[in-house]
Each structure stands twice: as C-alpha cells, then as structure tokens.
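Student: If you scroll down you'll find the structure; I have some questions about it.
The values are calculated or read from the model by the stated rules, or taken from the named source; none is laboratory data. Keep in mind the model is a prediction, meaning the values are calculated, not measured. Reconstructed Cβ throughout: ideal geometry from the backbone, glycine too, with neighbour counts over all protein chains shown. Side chains are part of the model used for accessible areas, which takes the heavy atoms of the whole protein and leaves out ligands, DNA and RNA. Shrake-Rupley method; radii C 1.70, N 1.55, O 1.52, S 1.80 Å.
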Amino acid sequence: MRYCIAPSILAADFGAIADAVRQAEAAGAGAIHVDVMDGHFVPDISLGRQMVERLRLAATLPLDVHLMVSNPERHVESFVRAGASTVTVHYEAVRDVEDLTRLLIAIRSGGARSGIALKPATDALVLEPVWSHLDQVLVMTVEPGYSGQAFMPEMLTKVQTVAAQAAARGVTVAVDGGIDERTIARCAQAGATFFVAGSSVYSPRRTVAVGMTALQAALALA
Ligand code: DX5
Ligand code: ZN
C-alpha cells in the first residue's frame with residue numbers, strides 16, 4: 001500500500017493497550033506510533049522503554065517511536081533494543097549537526113530506521129546536512145505534547161518542501177498532529193505518505209474500525 005496510517009497509542013486506553021493494538025492491526029493500520037515524553041522537552045510524561053518492550057510483544061506491526069525527550073543521545077539505543085522499528089528524535093532536542101548525525105547513525109546501526117521530527121517553528125532547511133542519514137521526517141502539524149490538538153494548516157507548505165526533497169532519496173514523509181478525515185487528504189496531496197493519528201482513531205465517540213475506515217476513505221479520495 002502506498003499510504004501508511006499509524007495510530008498513536010498515546011490516545012488509547014492505557015488499561016487495555018494490547019486490545020488497542022489488536023484493534024488497530026485488524027483495521028488496517030500500517031504501524032503503531034508510540035509517543036515518548038519526558039516532562040522536560042514537553043510538559044507531560046507519557047511512557048518509556050518498558051512500554052515499548054511490552055508493545056513489541058503485543059504487536060506484529062512496526063513500532064514507530066517518537067522521542068519527545070531532551071538528551072535523546074542517552075536513550076536512542078535502548079529504544080532500538082526495546083524493539084522500535086523507527087526511532088525519531090526531535091531536531092530541537094539536539095545540540096548540533098555533529099550530534100544529530102551521530103544519533104542517526106547510532107539508530108541505523110542498531111537496526112532501526114532513523115527519523116527526525118520538526119516542531120512547527122523549525123524550518124525544513126535544517127535537514128540539508130543530514131539527508132543521507134535519514135529514513136523518515138516527521139513534520140509536526142501541532143505543537144508536540146498532547147493528543148487532540150487542532151491541525152495547523154500552515155504546516156502544509158513545509159510538508160511540500162520536505163516531500164520535494166525526500167522523494168528522490170527514498171525518505172518517508174510523515175505528519176503528526178490533528179490528522180483526521182478532514183485533514184489527511186490535504187497532507188497526502190502535499191506529499192505525506194505516513195499519517196500518525198491519535199484521537200481520530202482512539203476516541204470515545206467511535207470504534208477503532210470506524211475511525212480507521214473514515215481515514216482510509218478520505219485518503220482514497222486524495
Ligand atoms: C503529539 C503527539 C502525537 C499525538 C497525536 O505531541 O506526537 O503523536 O498522539 O494525537 P492527535 O492525532 O490526537 O493529534
Ligand atoms: Zn507523535
């Protein structure tokens with residue numbers, strides 16, 4: 001399939017997390033997105049390495065781990081070992097290009113795919129020196145930190161800019177934040193192929209199957 005929808009486990013019921021994974025898999029998800037927050041890079045604390053290990057046992061799909069943490073160099077290797085398929089670090093959490101390059105190399109040499117996430121205020125130009133070390137770019141379409149925020153349409157031009165460079169290099173363009181059946185097609189038209197979806201999939205208002213079908217239907221029209 002050309003497109004991948006990755007439900008964000010942050011929005012699921014943590015009391016029934018294995019069910020949440022199974023429901024996403026049954027509904028056609030392509031990956032499970034795991035938001036790791038440290039209470040420093042972002043205000044909240046979410047989940048950590050042990051949860052990734054548990055999810056690895058519960059899931060057959062790839063685990064797409066999004067590290068919203070300061071000092072990511074202290075953590076990437078343990079998340080790779082815990083079973084992450086992709087480890088994404090925030091550009092804003094890294095000191096300089098040398099450190100960033102080292103991190104991306106460490107992720108790949110552990111056997112995972114390497115990713116960089118860009119906060120809304122961060123320009124796509126920062127990717128210039130590290131394209132050759134990258135497998136995925138995660139364009140944040142909200143401020144990182146919480147599920148359930150409104151999509152920022154002004155991020156679509158950044159998605160286009162990143163996609164124009166990523167295509168020839170075989171790098172995946174992902175979007176994260178406020179992705180629902182109203183916004184997913186706009187992101188696809190701008191060049192994204194990987195869609196993180198939290199509250200539009202895990203919602204008290206509808207089942208995972210209904211949420212996924214709505215996203216897939218919107219994508220089919222993109
Ligand atoms: C936000 C997280 C997202 C979040 C998405 O900081 O990175 O992955 O779970 O949730 P929604 O889709 O509800 O915006
Ligand atoms: Zn995320």
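Student: Determine which member of the set V142, V208 is of a type outside the set (S, T, N, Q), open to solvent by less than 60 Å² (accessible area, probe 1.4 Å) and under 18 Å from T122 (Cα atoms).
Tutor: Being of a type outside the set (S, T, N, Q), open to solvent by less than 60 Å² (accessible area, probe 1.4 Å) and under 18 Å from T122 (Cα atoms) holds for just one of V142, V208, which is V142.
Student: To continue, here is another question. Just to be sure, is A185 small (G, A, S), within 16 Å of ligand 1 (Cβ to nearest atom) and more than 21 Å from T88 (Cα to Cα)?
Tutor: So A185 passes the test.
Student: In the range 113-151, which residues are within 16 Å of ligand 2 (Cβ to nearest atom), hydrophobic (A, V, I, L, M, F, W, C) and part of a loop (DSSP other than H, G, I, E, B)?
Tutor: Result: V142, A150, F151.
Student: In the range 4-34, what residues are closer than 21 Å to A188 by Cα and part of a helix (DSSP H, G or I)?
Tutor: A24
Student: Please work out if V208 is touching a helix residue (DSSP H, G or I) at 6+ places or on another chain (Cβ under 6 Å) and more than 16 Å from ligand 2 (Cβ to nearest atom).
Tutor: Judged against the criteria, V208 is a match.
Student: Let me ask something else about it. Can you spot a residue in the range 103-117 that is within 18 Å of A192 (Cα to Cα), under 17 Å from the mean Cα position of the chain (by Cα) and open to solvent by 30 Å² or more (accessible area, probe 1.4 Å)?
Tutor: yes
Student: Considering only residues that are farther than 17 Å from R22 by Cα and in contact with a strand residue (DSSP E or B) (Cβ under 9 Å, 6 or more places away or on another chain), which ones fall in the range 200-222?
Tutor: A214, L215, Q216, L219, listed by residue number.
Student: Which one is nearest to ligand 1 (Cβ to nearest atom), of the residues in the range 124-153 that are in contact (Cβ under 8 Å) with a residue 24 or more places away in the chain and among the charged types (D, E, K, R)?
Tutor: Among those residues, the one meeting the criterion is E143.
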